[in-house]
1. Sequence gap at least 6, Cα distance under 8 Å: using those rules, report the relative contact order of region A:66-200 to the nearest whole percent.
2. Treat each spin label as a single point 7 Å out from the Cα along the C-beta direction, and report the residue B:199 to residue A:34 distance in nm.
3. Once amide H atoms are built 1.01 Å from N in the peptide plane, which residues 5 or more positions from residue A:172, or in another chain, come under 5 Å H to H?
4. Which value in Å does the Kirkwood hydrodynamic radius of chain A take, with 1/r averaged over all unlike C-alpha pairs and then inverted?
5. For residue A:105, enumerate residues with amide H under 5 Å from its amide H, sequence gap 5+ or separate chain, H modeled in the peptide plane.
6. At a Förster distance of 30 Å, what's the computed FRET efficiency of residue B:161 paired with residue A:26, Cβ-Cβ distance as r, to 0.05?
7. Assigning unit charges at the beta carbon (Lys, Arg +1; Asp, Glu -1) and nothing else, what dipole magnitude in debye, to the nearest 20, does chain B show about its Cα centre?
8. When the helix-only estimate is applied to the protein assembly as shown (DSSP H runs of n ≥ 4, each -39,500 (n - 2.57), divided by the residue count), what is the mean residue ellipticity at 222 nm, nearest 500 deg cm²/dmol?
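The values are calculated or read from the model by the stated rules, or taken from the named source; none is laboratory data. Quick caveat: nothing in here was measured; it's all calculated off a predicted structure. Glycine gets a Cβ as well: all are built from the backbone with ideal geometry, and neighbour counts include every protein chain shown. Please note that ligands, DNA and RNA were not included when accessible areas were found on the heavy atoms of the full protein model with its side chains. Shrake-Rupley method; radii C 1.70, N 1.55, O 1.52, S 1.80 Å.
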Protein chains: 2
Amino acid sequence: MSGHSAGAEIERLIQLLARLPGLGPRSARRAALQMLGKKETLMRPLADAISQAADHVLTCSTCGNMDTKDPCSICTDTRRDAGVICVVEHVADLWALERAGANSGQYHVLGGTLSALDGIGPDDLNIAGLVDRISGGDVREIVLALNATVDGQATAHYITDQVQSYGASISQVAHGVPVGGEMDYLDDGTLAAAMKARRPF
Amino acid sequence: MSGHSAGAEIERLIQLLARLPGLGPRSARRAALQMLGKKETLMRPLADAISQAADHVLTCSTCGNMDTKDPCSICTDTRRDAGVICVVEHVADLWALERAGANSGQYHVLGGTLSALDGIGPDDLNIAGLVDRISGGDVREIVLALNATVDGQATAHYITDQVQSYGASISQVAHGVPVGGEMDYLDDGTLAAAMKARRPF
């Protein structure tokens, strides 16, 4: 877009929108135009929502979740089982498990996985915080819900090494055929894992 | 996402982001998390850019372009040929032509096309404004740069009917093989149009 035709304000808006995941330069332009056509119903509420979230959303210093308070509403929820900690890579994974209602315990967000290729070591992840939480002795079970990738599994092994001396049992989410998934569309690794982990019917 | 796990501020942000074209609920969540990880470098500048654009960007009352002044910087640019008006459907089309440097004249943004199916008639488009600009008699040529769709072409015919009494010549952008396009990937309509409009080489 030429600055001449649309003004620096629009150009700056498009540049920033294009930095969001899922929006390229072209869709950022479409998004900007869509907004400008809905100033009162979309544009100003969005600017306000972004500012509000930037002001009020914190990273929980206990588990790494994002919330408007620290410790977060999950960490302070006494109805949840504080004896179970589900370890995830990202906040998005925590949200996915919450949407599914799959975990009634607590969480711990690592912030990524170990990766030799990307130069991410144990100190770059929130592993010390996890060990610290477990060392108190009140945690019965650690559920590893990391991605089924090479890095995810390497990280799972590393965490197991770090925490096994504290006596909590360590489990991992099951790998197998997704519910609703069709066998002949699945990759070899998933099918092999599903066969290996077969259970009495 | 459960409000419990992430707070009303994030939920509201995600809902508004999901209303942008190109972002669904899932990518809106990713975008929100991406922002929250870059509060100072992305999130606050974006909120600011949206507010600034909402405050300062206007629709040009002459041509329908969006700019920070009215009349817009194209309408007030005396180096441009005021005798030529290029008629487009949307502001995005105007921007595309400006990026290409394809038009040294003025523009007129209709705001869409006639569409019996969607109930869009002449009064819903900025056609009266176009007739008004042409009726002064200073416009030599009207270039129709509407989409090569049924509705776009119906609109082109309607506009031709409305303005031909004022003496300006009326032209339409050429339809044919896109530059860089390969013949065997093109649709029948484009190939037929390209053959019909062939020119001496």
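1. Numbers: 161 pairs, mean separation 28.0, N = 135.
Relative contact order comes out at 21 percent.
2. 3.7 nm
3. For residue A:172, whose amide H was placed from the backbone, the distant partners under 5 Å are A:144.
4. Values: mean 1/r = 0.0496 Å⁻¹.
Hydrodynamic radius (Kirkwood, Cα pairs) of chain A is 20.2 Å.
5. A:81
6. On the way: r = 34 Å, r/R0 = 1.14.
Efficiency at R0 = 30 Å is approximately 0.30.
7. On the way: 17 positive and 24 negative charges, 141 e Å.
Computed about the Cα centre, the dipole is about 680 debye.
8. Details: 15 runs with 161 residues, N = 402.
One gets -12000 deg cm²/dmol as the mean residue ellipticity at 222 nm.
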